[in-house]
């Protein structure tokens, strides 16, 4: 494993070195130490490497990730794994607001709690949160899954499209057009697979499923006055 020390090397140099790696590189194990809350650590990775960050990071860590596996051994700031395309981003602590915003693919695991707007505008990413999420999580969520092993704040799934939400704990309130839906054997199987991928032990039978009522994004002329 190659170690890069942000106390001795600039963030620009660290990211540039990771960006220079090609798909055939044999330098696949990386460790970044002393991040000290730096912003945009390990962003824009495009090859299947593994990066461990020992410490807390600021905003947009591992943003636009593609193929890489990034692990934060600490807490993360706003927008961790923003616009993730593929690969895995794992936060072993808590995450601030807008985790995995606009994520299009891959898996994001937050072992602690996530703040407000977790999964906002998600477009295919799978997100598993070991703790609770804040208000307006999965706002305008289009595709993918959000799994919450703890509680969910107010306005969960507001203006949701076709994403699927699973919550084990209490939901403070549902947003516009988000409703509870039946939990079928197929959904239990899907949830079990997501929890297994995330490495989080939880009983799928204890979760409830939420999704779109499909009324908000279908215009009904007879109800035009309601828009």
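The values are calculated or read from the model by the stated rules, or taken from the named source; none is laboratory data. Remember, it's a predicted structure, so these values are computed and weren't measured experimentally. Please note: Cβ atoms are built from the backbone with ideal geometry, for glycine as well, and neighbour counts cover all protein chains shown.
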Residue in segment 148-170 that is in a loop (DSSP other than H, G, I, E, B), touching a strand residue (DSSP E or B) at 6+ places or on another chain (Cβ under 6 Å), at positive phi and at pLDDT 95 or above present: yes
Qualifying residue in segment 184-192 (condition: over 16 Å from residue 122 (Cβ atoms), in contact (Cβ under 8 Å) with a residue 60 or more places away in the chain and assigned to a loop (DSSP other than H, G, I, E, B)): no
Number of positions in segment 1-37 that are part of a loop (DSSP other than H, G, I, E, B) and within 20 Å of residue 76 (Cα to Cα): 7
Hits in segment 196-218 (condition: within 27 Å of residue 93 (Cβ to Cβ) and either in contact with a strand residue (DSSP E or B) (Cβ under 7 Å, 6 or more places away or on another chain) or part of a strand (DSSP E or B) (or both)): 197, 198, 200, 207, 208, 210
Matching residues in segment 115-138 - criterion: being in a loop (DSSP other than H, G, I, E, B), touching a strand residue (DSSP E or B) at 6+ places or on another chain (Cβ under 9 Å) and under 17 Å from residue 105 (Cα atoms): 118, 119, 122, 138
Output for segment 176-210, where each listed residue is on the phi > 0 side of the Ramachandran plot and surrounded by 14 or more Cβ atoms within 10 Å (Cβ to Cβ): 177
